[in-house]
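Let me begin by presenting the structure, written as structure tokens, before commenting on it.
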Amino acid sequence: MLLGRRLCERCTLADRLADLLDDGTGQVHPRLAPLVDLLLALDRPKSRLIWLRRPNVVHLLQGLATGRVPLSHQGLQQQEHWRTAAHLRDLLMESNVLPRADRRLLLYERWLAERLEAVEDPARHQLLHRFATWHQLRRLRAKAEAGPLGRSPTHEARQQITQGDAFLTWLAAHNRTLGQCRQADLDAWHADNYATRRPAQPFLRWCMDNGAMPRLALPPHVIKQDQSPMHQHRRLAILRGVLHDETLPLRTRTAASLVLLYAQPVSRIVRLTTADVIDDGDALIVRLGDPPAPLPGPVASLVRAYLAEQPRLARASSRSTAWLFPGRQPGHPMDPTSLLDQLRAAGVPAQRGRASAIRHLVLQAPAPVVARALGYHDKTTVHLVTEAGGTWSRYAPGDHTR
């Protein structure tokens, strides 16, 4: 497609990037050359041109090229327009200009700094800062080293800080310090809105363990069990509909099949890579646990069709096709919330369908075997089989061929 100066979109994009990333010598800053290569290689150059019209993007790119903004994770963390900075940081990591770092962890660290800055009381600020540094960030960094963080860990961390601060504020309003907190105070605060305030409990336990408050009893978390799980016939009918409805995107149909057939949560599905799907020509297996699980014929055909389409989806935002469900952010998988929304729009009740599938599976095979094959914890499947009235609850795991 030709633009105003009779140049194609990709040529226009190259000229625009050369102009924005000029380091003052008439050339693109040498360290930013791989970023230019990446942006030119991606599909849909027109979307890059539209992105480059945004004033925040222009300001940040010019700042990086001239040295006004340090070309580092720390330099980008300090930028006011964090969404623009976060997206550009993803591109810089994808092009190997910056070393890899966990995106969600970096965003949480920025949020934490701004949240703590808003706490005016010095004692409260110090306590929350210690909790975040020595409890939350240590655990989040350890998880990030094992693999990319999902949405839940950082969301829970935000809730813990927010509700921990709310509890300290509530105590101060009742003329008590944390060291003077009584059981009646803890009960009264939880009773007002237990569901909202329960995320503060990790903070409260940490305070007790570190002697900042008396050791008191926290209200137990009662999990409400679904009294009317989806019937197996209903789950299989939805699965058949997904397999045969060609109006649905292949991505949605593939994800729905994994939910309804192998009880996979959406948060785990988006973490699958193309290497987790193994095709030997005769059979197709997916690595959900150990050993990998075979896909039945109709599902295997669906997944093969999706794999053929997947590189095109990935090239829209990234050169990497490692993720089975690539996201819009370069180098990152699809957001589980977005995938869940697509499943709902397709009429797939993910949570109830997954619960129905795992209950059915533990009645067909020993719970420890199901757990290992599908990536569940042994205790979870043993509890489910007992709850479902199965006969495998006493099955001993291990090699029974010896």
Ranking by accessible area, most exposed first, for 234, 304, 151, 328 with a 1.4 Å probe
328, 234, 151, 304
Can you work out the FRET efficiency for the pair residue 240 and residue 287, with r the C-beta to C-beta distance and R0 = 25 Å, to the nearest 0.05?
0.50
Under the Karplus curve 6.51 cos²θ - 1.76 cosθ + 1.60, θ = phi - 60°, whole-Hz ³J(HN,Hα) for segment 116-133, x wherever Gly or Pro sits
6, 4, 7, 7, 7, 5, x, 5, 5, 4, 5, 5, 5, 5, 4, 4, 5, 6
At 7 Å along Cα-to-Cβ for each site, give me the label-to-label distance between residue 187 and residue 273 in nm.
5.2
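Heavy-atom accessible area per residue, segment 124-263, 1.4 Å probe: how many Å²? Don't jump to the answer; show the numbers that get you there.
Working: 7730 Å² over 140 residues.
Value returned for segment 124-263: 55 Å² of accessible area per residue.
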Stokes-Einstein D for segment 126-189 (20 °C, 1.002 mPa s, Kirkwood Rh from Cα pairs), in µm²/s, comes to 161
Using the Kirkwood formula on the Cα atoms of segment 1-106, what hydrodynamic radius do you get, in angstrom to one decimal?
14.2
So, counting K/R as plus one and D/E as minus one, what does the shell of residues with Cβ under 13 Å around residue 279 add up to?
-1
Which value, in Å² rounded to 10, gives the accessible area of residue 194 with a 1.4 Å probe and all protein chains present?
60
Once label points are set 7 Å from the Cα along Cα→Cβ at both residue 208 and residue 308, what is their separation, rounded to one decimal in nm?
5.9
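The values are calculated or read from the model by the stated rules, or taken from the named source; none is laboratory data. Here the structure is a predicted model, which means the values were calculated and not measured. In this analysis, Cβ positions are derived from the backbone assuming ideal geometry, glycine residues included, and neighbour counts consider all displayed protein chains. Side chains included, ligands, DNA and RNA excluded: accessible areas come from the protein's heavy atoms. Shrake-Rupley method; radii C 1.70, N 1.55, O 1.52, S 1.80 Å.
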